[in-house]
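J.: Structure incoming, see below.
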Amino acid sequence: MRLQRSPALAAVLIIITCVCAFYTTAAINIPLEIEQPPTITAQPPSSLIAFPFDESFPMTCEAKGNPRPEFRWTKNGQEFNHSVDPRLMKEENSGTFVIPNNGNLTEYQGTYRCYASNTLGTAVSQEVEFIVSNEPKFPKETLDPVKVDEGQPFILKCDPPTGIPPLQIYWMTINMQHIQQDERVSVGLNGDLYFSHAVEKDSRTDYCCFASFPRIRTIVQKTAMSVHVKPIIKCAPLSANAILERRPSLLTPPGVQSEKQLVKGDDLELECIPEGIPTPKVEWVKIGLGLPDGAEVENHGKLLIIPRADQKDSGKYMCKAKNPLGEAVHYFTVTVEEPPEWVSEPQSQLSMIGTDVLIKCSARGTPEPSITWRVNGVPLKDSPAANRRIFDDTIIIRNSKASDSAVYQCEASNRHGSLLSNANIMIRNLPPMILTKDGEGYFAVESRGVTLHCNAFSSPPSTITWSKDDSSESVEGSRFKIHDDGSLEISRAEKSDAGQYTCLAKNTEGSSNIDAMLYVKDATRIVVTPEDQQILKGSEALLSCLAEYDESFSHDFELVWEKDDIEISFNDTVNLRYFVEDSVLHIVNVSHGDQGVYRCVARTPVDQDEASALLMVLDVPDAPENLVLSEHRGRSVKLTWIPGDDHNSSITDFIIEYEENKWEMGKWRELLRVSRNQNSAVLRLHGHVEYRFRVYGVNSVGAGPPSKPTEMYRTPPAAPDKNPENIKIEGHLPHEMDINWEPLLPIEHNGPGLEYKVSYRRQDVEEEWTEHTVKRHSFVVKNTPTFVPYEIKVQAKNNQGWGPEPRIVSGYSGEDFPSTAPDDVAVEVMNSSVVKVTWTPVHKDKLRGHLGGYRINWWRLRSLVDSKKRHGDKHMLTFPGDRNHATVPGLTPFSEYSLIVMTFNGRGNGPGSHPINFKTPEGVPEKNPVFRVTDVQRHSISLTWTPPSEPNGILTGYLLEYQLINGTEEVGALQTIDINNPKTSKWVLRDLEPLSKYKLYLRSCTTKGCGPVVSEECTTDLETSELQTVPGRPCESASTPAPSTPKPHKTKPTRSSIGLASVHGGISTQGWFIGLMCAIALLTLIVLIACFVNRNKGGKYSVKEKEDLHPDVESQGMNDDTFCEYSDNDEKPLKGSQHSLSREIKAGDSGDSLVDYGDEDAQFNEDGSFIGEYGPRKEKRVSAEIKAPVQTPA
């Protein structure tokens, strides 16, 4: 029943809708504790097909309600009492029954509907059609043969039986061979087989149509059909062709236009099958628009398919069949329709008594659906109510009463289907009922949200408030929010939020409350997360995961590891390589299967945290696969392959190797290297070889395993591709020339019979090439002039021909000794140990070979100190290259020398020049070979020495220096004695401190300065005694720095002023000590001697301690038992000596060296060792500023 819409009524409806929205709860879920009408919870599908292979067929109907619903069924609109049929299986307290497959199902075929009822109303299920499928069969029939003239169209009908869709048609022969389809022959949508024109090969007797019904697993076959094509007699070919050719027409569909309806979501299929000669081509267009996206053309252009069609695919389509003689068209008007779809589905409602209730139901579809209303399963018109009206698609119940509670059904239908919806309308006033359990406990995590539930049911709706810890005040604050369902949400929970909460639900009918406990815990947090790793196969992976959690969960906390979302079981024998130790996951002997995402999950009963890491396993590439040789072109072939897995490290190169079975069988050699983006290569090969190839990949990890080798590939013989290389021309004898070259490798022969053609000719004269053919890789040219230039070339050949044109190389015939010596040899003395030698170079015509350089030989004739001549050892320096001067270093000063100069070539030395004699000037002396202490007294030390073995000039005297070195921070002032008599060899130092240690220095001097220092250490005695050369005496050999002159303002002339006296020396100056010594004379003497001896053997005085802590490098070889032995080691200044005395080398007065004279070429002597500075440093004597105590020569 429909009413016409009016403006006044529409306004009233709007007001009522607003009021109802205030008092109505839509889409409610009423607890079963409340009386309520039935609600369908399970129902059967819209159709149920009885397949023969199914055992039973359930007709499902379940519902809830209070009181418990009772069920009944209708079949084809009539009551169906399923409980009285003993063959049907029923379930208690359920509307479901089951139809068994007992072979007699036809009587159950029909349309069923279920009703669930109680005292408050009736709910209705949708209709279900129970379909009993019959076995499809082709009728038994005798078919007459089809006779057709060649060139004429014909159709073989299939007429498949009806059955459960989908249906699939196949045309085959008796032998199950498919009939070949093409542009001329095709199967239509109706299953018929169409021939655009007949040809003689179409004649056969076994055309069979097979209909397949996959849902019932059945295939049926039609009786075989015969076709006889009568050929046309071709007497005149031109006229025959004219008769056979025909303009197109359509075998299907008939006529010029047709209509097509389909349901939205189905595939749109349009078909045009033409006939004609030549066979027509079919084109498809959509009028006004192009074909939709996704459109497909199949069956050789005869079938247009638009998958899952919708409204936009509606319209007009045209197919056009064309051949050279004309065209035929057909138009399709396509309409896409829709089954009903809800626009506004009616909802169940709980409303207060006295309110107005609106029930809205609307649907759309094509054609437009019709709406049918029912109440408790009865048509609305058969159950009238005074306060109920229908306005368009809405039912209005005015001033509702409890008796108006019912179940309303709305059904929307068109020819494509129907929709049914039940809406439970309850008119009740109810006090609040809280459905959430009282005393529920909730756990929250600090700084995270938590929700406390309070699900209340009432009519009218309740007002919900929450309070905490028996407070009458409602919880307030931005972190607290009460939702419409009554739940309390607390965001960013704090420890202070813990406690008891009370939910109070209240409406006009009453109130109710429950309590809930909230516990706030520390958050679980992973503080050390696993990190992504790339790890080599076979190594050990370590993934760390450390978490913090609330201490109350110490027994409930667990740390779980997952791989690719699957938990790792550490007790599983499969995972023996996995174990956890100290919060670290160990993966031993990592394999490819260990690659993946590892997740660490830290979990407590209330929360969890997780962190993940990607483990990538690196390995060498897998071997390439599927090696194929193609494009065989004699000595080249193309090799292709499929790369193997790179195992997370990109392949950088592919290496192609070969093995040949003639020269080095079983040995693989690299042939070619290609980049990573190639998987093929053309291989250039040698001739007359059988090859096999393999490939392997290389990445940053290393080289992978090689592939399986290819089959053998044999190349034909060919002439050599190259000639010998590295041709060397040498002349070992004056009248011969040796020619050598690197022979071709065996694989480079390219065929049998390899030989070499050697060609040569003089370069400085016009002459023809002289040629010789040899099999070895050397050749000697006899009777050549000495050292003349030649041109040489070597060419390879084999039985197939000559190699490429060889390149020409140049060389010389054999060398002979140089025939002359350098002229104008002169010597310039640079300093006492270095001279510069000059000469005029030998002319190249006299060299008779390649210039090697020049050699200087020199020898010492005598020392100028000694007039007696004696020849010393001969020395030689070699200077390569073309030059006219050289520097000779390392000469002895104050000596007479002789030297000669000669040149040399590859054969040897030439004659020497006339000897040149020269003298070197004075230098400083060498070290004194002997310097020792001969006697030690309480206040004196006696010294002796020998002059230097090489004075390097006329000795003018000696420089003797000494200083106190007892165990204090500073050493004593340096005292200097000039000894001007060179014949002096002894000296006595007097006025020394008793029992004190001194450092002694000696140098020999000439007019050029003083030589290197020798030193000695010695300790004065307690009493006057004779020095005996026995171990343990207080004289020690030492290698300490050369003495240096203190600055004037630091000079301390007296021993006592600088505190350098020894302990015993200081004590000996005290009166009480002298008295004590007199009192116990002999005893004290024995004790002191014993202590003295003990001190020298093992005792440590302060200087000795410093030496042990900071030993002098050059004195480490000295034995502690050494007695007053001299040291000729290099002297270094002692601490406290400040600057050297006047006889030391000045900073700016450097010695002479090779570089001083710009002769940078002669930096190596004959044996290749480096030549250092040979010139001694010049020194200048000045008088010492410190006056020494009076000394006397021995």
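J.: Residue 63 fails exactly one of the following numbered conditions: (1) small (Gly, Ala, Ser); (2) at pLDDT below 90; (3) open to solvent by less than 50 Å² (accessible area, probe 1.4 Å); (4) outside any loop (DSSP other than H, G, I, E, B). What is the number of that condition?
T.: Answer for residue 63: the failing condition is (2).
Conditions tested, residue by residue: (1) open to solvent by 20 Å² or more (accessible area, probe 1.4 Å); (2) out of contact with any Asp or Glu (no Cβ under 9 Å at 6 or more places or on another chain); (3) not in a loop (DSSP other than H, G, I, E, B).
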| site | (1), (2), (3) |
| --- | --- |
| 879 | no, no, yes |
| 883 | yes, no, no |
| 887 | no, no, yes |
| 903 | no, yes, yes |
| 914 | yes, yes, no |
| 921 | yes, yes, no |
| 928 | no, no, no |
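J.: Looking at (1) among the hydrophobic types (A, V, I, L, M, F, W, C); (2) closer than 11 Å to residue 453 by Cα; (3) open to solvent by less than 30 Å² (accessible area, probe 1.4 Å), which is the one condition that is false for residue 505?
T.: (2)
J.: Checking the condition farther than 21 Å from residue 837 by Cα and among the polar types (S, T, N, Q), which residue from 920, 946 passes?
T.: 946
J.: If you take the residues of region 66-98 that are over 17 Å from residue 130 (Cβ atoms) and assigned to a loop (DSSP other than H, G, I, E, B), which of them is farthest from the chain's Cα centre (by Cα)?
T.: Out of the qualifying residues, it is 86.
J.: List pairs: first in region 86-106 and modelled with pLDDT of 90 or more and of a type in the set (Val, Ile, Thr), second surrounded by 14 or more Cβ atoms within 10 Å (Cβ to Cβ) and in a loop (DSSP other than H, G, I, E, B), Cβ under 6 Å, 6+ apart or cross-chain?
T.: Pairs that qualify, where the first residue is modelled with pLDDT of 90 or more and of a type in the set (Val, Ile, Thr) and the partner is surrounded by 14 or more Cβ atoms within 10 Å (Cβ to Cβ) and in a loop (DSSP other than H, G, I, E, B), are 96/60; 96/61.
J.: May I pose another question? List pairs: first residue in region 872-894 and within 18 Å of residue 829 (Cβ to Cβ), second residue open to solvent by 40 Å² or more (accessible area, probe 1.4 Å) and of a type in the set (Val, Ile, Thr) anywhere in the structure, Cβ distance under 7 angstrom, at least six positions apart or on different chains.
T.: 885/838; 894/865
J.: Here's a follow-up. Within region 332-405, considering only strands (runs of 3 or more DSSP E) that don't extend past its boundaries, which have at least 1 residues that are touching a Pro at 6+ places or on another chain (Cβ under 9 Å) and open to solvent by 50 Å² or more (accessible area, probe 1.4 Å)?
T.: By residue number, 357-360, 362-366, 370-375.
J.: What's the number of the condition residue 607 fails, among (1) open to solvent by less than 80 Å² (accessible area, probe 1.4 Å); (2) under 30 Å from residue 704 (Cβ atoms); (3) among the acidic types (Asp, Glu)?
T.: (2) is the only condition that residue 607 fails.
J.: Taking region 826-860 on its own, how many of its residues are among the basic types (Lys, Arg) and either crowded, with 23+ Cβ neighbours inside 10 Å or assigned to a loop (DSSP other than H, G, I, E, B) (or both)?
T.: Number of matching residues: 1.
J.: With the requirement that a residue be open to solvent by 60 Å² or more (accessible area, probe 1.4 Å), more than 19 Å from residue 747 (Cβ to Cβ) and either in contact (Cβ under 8 Å) with a residue 24 or more places away in the chain or in a strand (DSSP E or B) (or both), what does region 644-677 give you?
T.: Correct list: 645, 650, 652, 676.
J.: Determine the pairs where a residue that is on the phi > 0 side of the Ramachandran plot, located within region 260-289, has a partner that is part of a loop (DSSP other than H, G, I, E, B) and open to solvent by 70 Å² or more (accessible area, probe 1.4 Å) with Cβ atoms under 9 Å apart, the partner being 6 or more residues away or on another chain.
T.: Short answer, once both residue conditions are applied: 265/308; 276/245; 276/325.
J.: Right, something else. So, residue 328, is that one closer than 22 Å to residue 182 by Cα, open to solvent by less than 30 Å² (accessible area, probe 1.4 Å) and either touching a residue at least 40 places away in the same chain (Cβ under 8 Å) or touching a Pro at 6+ places or on another chain (Cβ under 7 Å) (or both) or not?
T.: yes
J.: A further question on this structure: Give just the number: which of (1) open to solvent by 20 Å² or more (accessible area, probe 1.4 Å); (2) under 30 Å from residue 459 (Cα atoms); (3) in contact (Cβ under 8 Å) with a residue 12 or more places away in the chain does residue 29 not satisfy?
T.: Among (1) open to solvent by 20 Å² or more (accessible area, probe 1.4 Å); (2) under 30 Å from residue 459 (Cα atoms); (3) in contact (Cβ under 8 Å) with a residue 12 or more places away in the chain, residue 29 violates only (3).
Residue-by-condition table, conditions (1) crowded, with 17+ Cβ neighbours inside 10 Å; (2) more than 18 Å from residue 188 (Cβ to Cβ):
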site	(1), (2)
267	no, no
275	yes, no
293	no, yes
298	no, no
303	yes, no
309	yes, yes
322	yes, yes
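J.: Need pairs with beta-carbon distance below 8 Å; first residue assigned to a loop (DSSP other than H, G, I, E, B) and within region 530-555, second aromatic (Phe, Trp, Tyr); sequence gap 6+ or separate chains.
T.: 530/598; 545/561; 549/557
J.: Then there's this: From the residues in region 694-724 that are part of a strand (DSSP E or B) and among the charged types (D, E, K, R), which one is surrounded by the most Cβ atoms within 10 Å (Cβ to Cβ)?
T.: In this case the residue turns out to be 694.
J.: Right, something else. How many residues are open to solvent by 60 Å² or more (accessible area, probe 1.4 Å), over 28 Å from residue 305 (Cα atoms) and assigned to a helix (DSSP H, G or I) if we restrict to region 171-224?
T.: 2
Table: residues versus (1) over 15 Å from residue 220 (Cβ atoms); (2) in contact with a Gly (Cβ under 9 Å, 6 or more places away or on another chain); (3) modelled with pLDDT under 90; (4) of a type in the set (Gly, Ala, Ser).
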| position | (1), (2), (3), (4) |
| --- | --- |
| 129 | yes, yes, no, no |
| 132 | yes, no, yes, no |
| 135 | no, yes, yes, no |
| 144 | yes, no, no, no |
| 154 | yes, no, no, no |
| 165 | no, no, yes, no |
| 180 | yes, no, no, no |
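J.: For region 511-557, which residues satisfy the criterion of being of a type in the set (Lys, Arg) and open to solvent by 80 Å² or more (accessible area, probe 1.4 Å)?
T.: 525, 537
J.: Could you check residue 806 against (1) part of a strand (DSSP E or B); (2) touching a residue at least 24 places away in the same chain (Cβ under 8 Å) and say which number it fails?
T.: With respect to (1) part of a strand (DSSP E or B); (2) touching a residue at least 24 places away in the same chain (Cβ under 8 Å), residue 806 is out only on (1).
J.: Quick check on my filter: what residues within region 563-597 are in contact with a Ser or Thr (Cβ under 7 Å, 6 or more places away or on another chain) and in a strand (DSSP E or B)?
T.: Hits for region 563-597 are 584, 597.
J.: Would you say residue 591 is modelled with pLDDT under 95, more than 30 Å from residue 447 (Cβ to Cβ) and open to solvent by 30 Å² or more (accessible area, probe 1.4 Å)?
T.: yes
The values are calculated or read from the model by the stated rules, or taken from the named source; none is laboratory data. Bear in mind that the values here come from a model prediction, so they are computed numbers and not experimental data. Every residue, glycine among them, receives a Cβ derived from its backbone with ideal geometry; neighbour counts consider all protein chains shown. Surface accessibility is based on the protein's heavy atoms, side chains included, excluding ligands, DNA and RNA. Shrake-Rupley method; radii C 1.70, N 1.55, O 1.52, S 1.80 Å.
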